[in-house]
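S.K.: Quick one: this structure, given as structure tokens, is what I'll be asking you about.
Just so it is clear, none of the values below were taken in a lab; they were calculated from the coordinates. Given the structure is predicted, the values throughout are model-derived calculations rather than measurements. Glycine gets a Cβ as well: all are built from the backbone with ideal geometry, and neighbour counts include every protein chain shown.
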Amino acid sequence: MSEKLQQLFRERGPIRTIGVIGMGYVGIPAAMLFADAPEFIQVYGFQRDSSSSGYKITMLNAGESPLKGEEPGLEDLIAKVVSENKFVCTADFSKIAECDAVTLAIQTPFKNPKDLIPDFTPLTDGIRNVGRYLTPGTLVVLESTITPGTTTGMARAILEEESGLVAGEDFGLAHAPERVMVGRLLQNIREHDRIVGGIDEVCTRRACELYGPVLTKAKLIPMSATAAEVTKTAENTFRDLQIAAVNELALYCEAMGINVYDVRTGVDSLKGEGITRAILWPGAGVGGHCLTKDTYHLERGVSVVAAEPLDYPEGRESLFVLARGINDFMPAHMLTLTKDALARVGKDIRGAQIALLGWAFLNDSDDARNTPAEPFYQAAVAAGAGVRIHDPWVDPETAPDVPEGANITRDLDAVLQGADAVVIFAGHKEYRTLVPAEVKAHCGCSHPVLVDGRNVAEPDAWIAEGFVYKGIGRGDKNRHVIDG
Ligand code: SAJ
């Protein structure tokens, strides 16, 4: 433990001036909550004045939020702290030299989702900028989701190289992973327990001083920086694992001819101290930018942070990676269900017209990042089907990675017109009220197919209307007698 750093922190006194690097959906609410805390007197929001995101500087300094979508309380809070001169957004990174603490909330996306390697460039650029202006006695905190070993490895090396200072001696270094969800950013920061991991106890304590004032209902959970990195990646890995477990159960139930939702109700009924089962919901797949990548951060981490050789069952693949494989299999299973249903009425996938309902990866959301509908779309087109996409939430202009030739429309009737198969990928509320007779009229054939990936359709109502029904986990209905 460093006496020198403790002395430097004592000389600095309490944290008063804070810098937040990266004015995105993590950095902006974090900066505003720091600015609104009476303990702190000034917060700088650092944002590169680039063509793609420089507009944020002007908007934030005008007290406006550059974030899309509803974020309760954020717009008012930005206006408040700007009017009180407690927050300013700037591209002048030299002001980092004035800060007692600097946090980095810069995303680590995949360069290419296919190769599962994160693009750390934006983050390393940010860390390099901090290093350039770092002064003794400053605390640096990484909030981005990172591969375990990054804080004490790559981040520490860059900061020391750029500043000529030594982490843990001249400056503090910690990891405090963000746990925010779009739509409830401020609430999540205030109310989710905060993992705070320093490279040593002095840094951990200083980081607790930084985050303590912004928590309302939540508590601080101190640990080492690497344990904090593992916590963040593991909490999403475990959620992905839970989803994979219920997806596998759904596949088993289909094969055994039973209803997975009956089984789920039964399993979920086992509640009580230490015996509750965390059974989640089966579906058409797992999208988003958290669960699709954090498992691979954890997997890379265990090879990077090799304190001891990993002792693991000989020849067995990682359970976590297997879970990813099961979740990534679900769109292919949706195509199998579609093909099987078409075959029941003598149709082939080749030449079939498919209405794909729901491009977003989440119910009632416009977020389409890494949507499981995309691999389904690609495979269906490759199999010779025509696919029209409907989503009432996703903005076709800004949706990421929309495949070449695909277009997303909000005109449901047009997407349903002449469809041989209606395939539901997102559980949007609009799809829960579809009327089988109306959908069939648009499809215009005697036995359209309905494939329900999110349990939004009541099977008997659709079967009675002459649909060939298939549902994830609905082994009790997937071989029904075709009416009419
Ligand atoms: N999904 C299922 N079955 C489920 C739950 C989700 O198939 O039972 C699918 C969803 O359809 C979606 C994907 O998984 O395609 C991810 O859903 P999600 O609810 O996990 O939403 P995310 O990806 O936004 O996850 C975020 C994470 N939050 C942070 O990283 C801070 C995650 O840790 C949260 O648990 C999750 O939000 C949440 O609970 O909302």
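S.K.: Provide the per-residue ³J(HN,Hα) series for the stretch 64-74, in order, calculated from phi with Karplus coefficients 6.51, -1.76, 1.60 and θ = phi - 60°, each as a whole number of Hz, with x at glycine and proline positions.
M.R.: 10, 8, x, 7, 6, x, 6, 10, x, x, 6
S.K.: Which order results if 469, 431 are arranged by neighbouring Cβ count within 10 Å, fewest first?
M.R.: Placing the least packed residue first, the sequence is 431, 469.
S.K.: Could I ask something else about it? Beyond 21 Å, what share of the Cα-Cα pairs of the stretch 349-484 is found? Please give it as a whole percent.
M.R.: Every Cα pair in the stretch 349-484 considered, those over 21 Å come to 36 percent.
S.K.: Now for a separate question. Extending each Cα 7 Å along its Cβ direction at residue 483 and residue 124, get the distance between those two points in nm, one decimal.
M.R.: 6.1 nm
S.K.: Given Cβ point charges of +1 (Lys, Arg) and -1 (Asp, Glu) and nothing else, what value in debye, to the nearest 20, does the dipole of the chain about its Cα centre take?
M.R.: 300 debye
S.K.: Also: For the chain, with the dipole built from +1 on Lys and Arg beta-carbon atoms and -1 on Asp and Glu ones, taken about the Cα centre, which of 428, 408, 276 lies farthest toward the positive end?
M.R.: Highest projection toward the positive end goes to 276.
S.K.: First check a/c for the stretch 225-279, with a ≥ b ≥ c the square roots of the eigenvalues of its C-alpha gyration tensor; if it is under 1.5, answer rounded, and if not, answer prolate when a/b is larger than b/c or oblate otherwise.
M.R.: oblate
S.K.: Please compute the contact order of the chain in relative form: average sequence separation of alpha-carbon pairs under 8 Å and at least six residues apart, divided by the residue count, as a percent.
M.R.: Computed over the chain, the figure is 11 percent.
S.K.: Hey, if you put +1 on the Cβ of every Lys and Arg and -1 on every Asp and Glu Cβ in the stretch 225-484, which of 343, 441, 325 ends up farthest toward the positive end of that dipole?
M.R.: The one lying farthest along the dipole's positive direction is 343.
S.K.: Would you work out which of 171, 210, 228 lies farthest towards the positive end of the dipole of the stretch 162-253? Charges go on Cβ: Lys and Arg +1, Asp and Glu -1.
M.R.: 210
S.K.: Filter the GluC sites (Glu not before Pro) in the stretch 7-87 down to the DSSP loop ones having no more than 11 other Cβ atoms within 10 Å, then list what survives.
M.R.: 70, 84
S.K.: Could you tell me the extents of the stretch 98-195's C-alpha atoms along the three principal axes, largest first, rounded to whole Å?
M.R.: 38, 35, 21
S.K.: Further question: Rounded to the nearest 20 Debye, what is the dipole magnitude of the stretch 1-43 about its Cα centre when Lys and Arg each give +1 and Asp and Glu each give -1 at the C-beta?
M.R.: 120 debye
S.K.: Here's another thing I want to ask about it. Taking the Cβ of each residue in 410, 324, 388, 316 as the centre, tally the other Cβ atoms inside 10 Å and list the residues starting with the fewest.
M.R.: Sorted ascending by nearby Cβ count, the order is 316, 410, 388, 324.
S.K.: Next up: Find out how many positive minus negative residues lie around residue 459, taking Lys and Arg as positive, Asp and Glu as negative, among other residues whose Cβ is under 10 Å from that of residue 459.
M.R.: Result for the neighbourhood of residue 459: -1.
S.K.: Could you tell me whether the chain comes out rounded, prolate or oblate from its Cα gyration tensor? Rule is a ≥ b ≥ c as square roots of the eigenvalues, rounded for a/c under 1.5, then prolate if a/b exceeds b/c, otherwise oblate.
M.R.: Note, shape of the chain comes out prolate.
S.K.: Relative contact order of the stretch 3-218, please, whole-number percent, based on alpha carbon pairs below 8 angstrom and at least 6 residues apart.
M.R.: 22 percent
S.K.: Taking a ≥ b ≥ c as the square roots of the Cα gyration tensor eigenvalues, with a/c under 1.5 meaning rounded and otherwise prolate when a/b beats b/c, else oblate, which class fits the stretch 3-218?
M.R.: Cα axes put the stretch 3-218 in the rounded bin.
S.K.: So for the stretch 1-94, averaging the separation of alpha carbon pairs under 8 Å that are six or more residues apart and normalising by length, what relative contact order in percent results?
M.R.: Normalised by residue count, the contact order of the stretch 1-94 is 28 percent.
S.K.: Next up: Using unit Cβ charges (K, R positive; D, E negative) and no other charged atoms, how large, in debye to the nearest 20, is the dipole of the stretch 225-484 about its Cα centre?
M.R.: 500 debye
S.K.: Hey, another quick one. Between residue 446 and residue 61, take the C-beta separation as r, use R0 = 51 Å, and let me know the FRET efficiency to the nearest 0.05.
M.R.: 0.25
S.K.: Something else: At a Förster radius of 25 Å, what calculated FRET efficiency corresponds to the Cβ-Cβ distance of residue 343 and residue 269, to the nearest 0.05?
M.R.: Given R0 = 25 Å and the Cβ-Cβ separation, E is 0.10.
S.K.: Using the beta-carbon distance between residue 438 and residue 304 and R0 = 56 Å, what value does 1/(1 + (r/R0)^6) give for FRET efficiency, to the nearest 0.05?
M.R.: 0.55
S.K.: Once each part is reduced to its C-alpha centroid, what is the distance from the stretch 193-226 to the stretch 249-269 in angstrom?
M.R.: Going from one Cα centre to the other spans 42 Å.
S.K.: Please rank 322, 67, 142, fewest neighbouring Cβ atoms within 10 Å first, as an exposure proxy.
M.R.: 322, 67, 142
S.K.: Further question on the same structure: Using helices alone, I'd like the mean residue ellipticity at 222 nm for the chain: each DSSP H run of four-plus residues gives -39500 (n - 2.57), total over residue count, nearest 500.
M.R.: Computed ellipticity for the chain at 222 nm equals -11500 deg cm²/dmol.
S.K.: Which entries of 339/477; 111/293; 56/232; 440/477; 68/219; 80/232 have Cα-Cα distances beyond 21 Å here?
M.R.: Over 21 Å apart, Cα to Cα: 56/232; 68/219; 80/232.
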